[in-house]
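Here is the structure we will look at, set down as structure tokens.
Please treat every number below as a calculation from the coordinates, not as lab data. Computed from a predicted model, the values in this text were never measured in an experiment. Here Cβ is always computed from backbone atoms with ideal geometry, including for glycine, and neighbour counts include all displayed protein chains.
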Amino acid sequence: MNKIAVLAGDGIGPEVMSQALKILDIIESKSNKKFERTEALIGGIAYDETGTPLPDETIKVCEASQAILFGSVGGPKWEGLAPEKQPERGALLPLRKHFSLFANIRPVKIFPALIESSSLKNNLIDGGLDIIFFRELTSGIYFGQPKMIAPDRKSAVDTMLYTEEEITRIAIKAFEAAKLRSNKVCSVDKANVLMTSVLWREVVSNLHKSKYSSVELTHMFVDNAAMQLVRAPKQFDVILTENLFGDILSDEAAMLTGSLGMLPSASVNEKSFGLYEPIGGSAPDIAGQNLANPIAQILSLALMLRYSFDMNEYANMIEESVSKTLNEGFRTKDIAGQSTDITILGTVEMGDKIAANL
Ligand code: NAD
């Protein structure tokens, strides 16, 4: 029996989570694999009920699971709380740290039916776009010590530090993913200036030579990568990069798709334990109105099947059902654009259509 923790959280979290679980029911019947689901409190609702956004009980539920399916946390109600009580800072970040989720995986996909929603000219993304980022998440300049402002507040320092082991483990994830896709990795660094990047390039190249020579590897400086993403994004397939560069580039790329409601993400550790969540937040402006787009949550479920349960075939099936539903002209309001020959659906009805196509 597979075990997952279901942390729906706040705002639109519970609404979109129900749609993902509906899809999981179908996957269970198709695959003959059962998923025991344990719900637990997280975020603002957890704070309201227990006084903390990440109760010990929730950590125990996650520890007893192989993966966490996460909705979203936060909202105006909890914004005035002390930092450690706030839903995002007090729950999501400690959860990532607790489980050493060092690999952040972010697919950036423009389904052909949604090309009009992209901020790019159509000819640059003809036929859609499908890139996946592997960003190192638990080291680099966000965590290196010393990190301080001098007492006179006239200078400050951050430290960018990477070890061979940290680079190797994220590079392995990227190379392995490339083997399931089009066998191409672009490693992004700043090896013309930064010593951490010189080491990064050396470690990635050595690993490539010793274990992944069948995968095509290229290296690109981060400033060029930022430019190429908006100039010719279709040249990329798997992008491998460190924490700071990945933070910036993956948000730049996310905006090429035009809607937050479409994008899933995964953060995984060495044992393939992962936290799977939409990249958007709790969308308090539309919560409780059956308006939220459930696709990011449903695609997060697909990532969970692929990376934590080795069920790539079923992950592909879910992605194809989403694509088919969009091709049939069904949209939630956030991705409706200007087209006239489409049908706008609510959260539940969109979940039903995808389920029917599956
Ligand atoms: P947001 O992502 O919640 O919303 C930004 C805009 O995108 C809103 O107009 C919203 O309606 C829209 N949107 C987001 N997801 C959508 C979906 N699935 N379908 C349709 N439209 C969608 O960001 P925000 O407004 O800056 O933040 C709201 C709250 O969410 C804040 O409390 C913030 O701290 C929290 N947040 C949580 C996470 C997380 O849980 N990982 C991430 C980001 C923000």
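Brief remarks on what is shown
- Remark: region 228-236, residue by residue, has Karplus-estimated 3J(HN,Hα) of 5, 4, 9, 8, 8, x, 6, 5, 9 Hz, where x stands for each Gly or Pro and the curve is 6.51 cos²θ - 1.76 cosθ + 1.60 at θ = phi - 60°.
- Taking the centroid of alpha carbons for each part, region 157-229 and region 240-277 are 16 Å apart.
- Listed pairs Lys184/Lys211; Lys109/Lys184; Lys324/Lys353; Lys22/Lys173 exceeding 19 Å between Cα atoms: Lys22/Lys173
- Put in line by how crowded their Cβ is, counting other Cβ atoms within 10 Å and starting with the fewest, Val268, Val215 read Val215, Val268.
- Remark: region 346-354, residue by residue, has Karplus-estimated 3J(HN,Hα) of x, 4, 5, 5, 5, x, 5, 5, 5 Hz, where x stands for each Gly or Pro and the curve is 6.51 cos²θ - 1.76 cosθ + 1.60 at θ = phi - 60°.
- Projected label points at Leu260 and Gln289, each 7 Å from Cα along the beta carbon direction, are separated by 1.4 nanometres.
- Share antiparallel - DSSP beta bridges, region 119-257, percent rounded to 5: 20
- Cα-projected label distance for Gln145 with Leu93, points at 7 Å along beta-carbon direction, nm: 1.7
- Spin-label pair Val198/Met1, simplified geometry with 7 Å Cα→Cβ offset, distance in nm: 5.5
- The chain - share of DSSP beta bridges that are antiparallel (%, nearest 5): 40
- Cut-off 18 Å (backbone N to label point 7 Å along Cα→Cβ of Glu49), residues of region 1-20: 4-19
- Label-zone membership for region 289-325, site Lys333, 7 angstrom Cα→C-beta point, backbone N under 15 Å: 289-294
- Computed [θ] at 222 nm, helices only, for the chain once each DSSP H run of length n ≥ 4 contributes -39500 (n - 2.57): -12000 deg cm²/dmol
- Order of Ser29, Ser100, Ser65 under a 10 Å beta carbon neighbour criterion, fewest first: Ser29, Ser100, Ser65
- Net charge over other residues, Cβ less than 15 angstrom from the Cβ of Ala302 (K, R count +1; D, E count -1): 0
- The stretch between Asn312 and Ser272, if pulled fully straight at 0.36 nm per residue, gains 13.0 nm over its current Cα-Cα span.
- Least to most buried among Trp78, Trp200 (fewest other Cβ within 10 Å first): Trp78, Trp200
- For His219, the residues 5 or more places off, or on other chains, whose built amide H falls under 5 Å of its own are Ser187.
- For Glu39, the residues whose modelled amide H falls within less than 5 Å of its own, excluding neighbours fewer than 5 places apart on the same chain, are Val6.
- For region 88-120 and region 286-309, distance of Cα centres in Å: 11
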